[in-house]
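Student: This is the structure I want to talk about, given as structure tokens.
Derivation of every value follows stated rules applied to the coordinates shown; laboratory data play no part. For clarity, every value in this text was computed on a predicted model and none was experimentally measured.
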Amino acid sequence: MEESNGLVPIGQLDTYNNFDPNGYFGSIYDAESAKRAVGKVKVLEEYLKAADQYGEYAAKFCLLEAQMYIQIAQVEGSEDKLTEAKRRLVMWIRSKTDEEIAEILEEVGTGIRISKIERRERSEQFNNMKKHASNREYQRISDEIVAQLDRDGCTKLSPFAFIEKWHSIGEPDSKTIKAYTEKTRDQLIKKGGRGLGDGKGTYMKPEKCDRKQVALIIKTRLESIVSDLKAIKQICDETHFVIPNEGISMITKLIRSLGAVPDDTIALDVTDGC
């Protein structure tokens, strides 16, 4: 015997393998009948929860609900009187192929509501779009920094440059900024750019530098060499390793070839090249 609200009693819910939603909602042929069907499935959900039987019939209910929305999606204009969220669900169903609908029904049969599947997919699509947009933005900023070196012979590279120039969705990720900073630095060096070591991330092509800027570039590299030599000495001290005379000679010959560089030239104040 049918309930007064037009719903089949819970005990008469067949296994979903042979389930026919028409037996519960009748024919859906326009916006008004679609709205009534959605209202009935909402009443059924509340009835199951009130009877503390939702868990027991969850998979059957989820399949019933999904088949109802699929039926609504088959009728043009049937979504007109539904809420925005339900209209969006219907439009999403219409975008699916028969094979995709079959996959959705298979998942729904495990007790997952079709609206949750739709939200999950939209979220994944948004996250993928956001990720792709972010990757394009990191690359755009990197290309802009390198292009400035090509154009002006001078540019600035630092993590802050990516934050300052960011115009995409969301906020840039610090780890990704670090990776792109290193990647951009490699490109600048390959194109002949040299860091001034001015604390501002300035890179210049030596031919565009004045004497003070050349001195800064040399000073930065000498400091790097000294740091490397100290690290070598520490390793030798810890391992009692003695560098052969040929190794020492190789270094000293190169140093002598540089000639004398006045201390006051190397220690010049930082000049902003850009």
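Student: Once you have all Cα-Cα distances for the stretch 118-258, histogram them in 5 Å bins from zero and send the whole-percent values.
Tutor: 2, 8, 14, 14, 12, 11, 11, 9, 7, 5, 3, 2, 1, 0, 0
Student: With a/c under 1.5 counting as rounded, go ahead and sort the stretch 31-96 into rounded, prolate or oblate using the C-alpha gyration tensor (a ≥ b ≥ c being the square roots of the eigenvalues; past the cut-off, prolate if a/b is larger than b/c, else oblate).
Tutor: Because a/c hits 1.5 or more and a/b exceeds b/c, the stretch 31-96 counts as prolate.
Student: Treating the Cα atoms of the stretch 161-203 as identical point scatterers in vacuum, please give the log10 of the normalised Debye intensity I(q)/I(0) at q = 0.13, 0.19, 0.33 Å⁻¹, two decimals.
Tutor: At q = 0.13, 0.19, 0.33 Å⁻¹ the computed log10 ratios are -0.34, -0.67, -1.14.
Student: For K96, give me every one of the lysines with a C-alpha distance below 19 angstrom, ignoring sequence neighbours fewer than eight places off in its own chain.
Tutor: K86, K116
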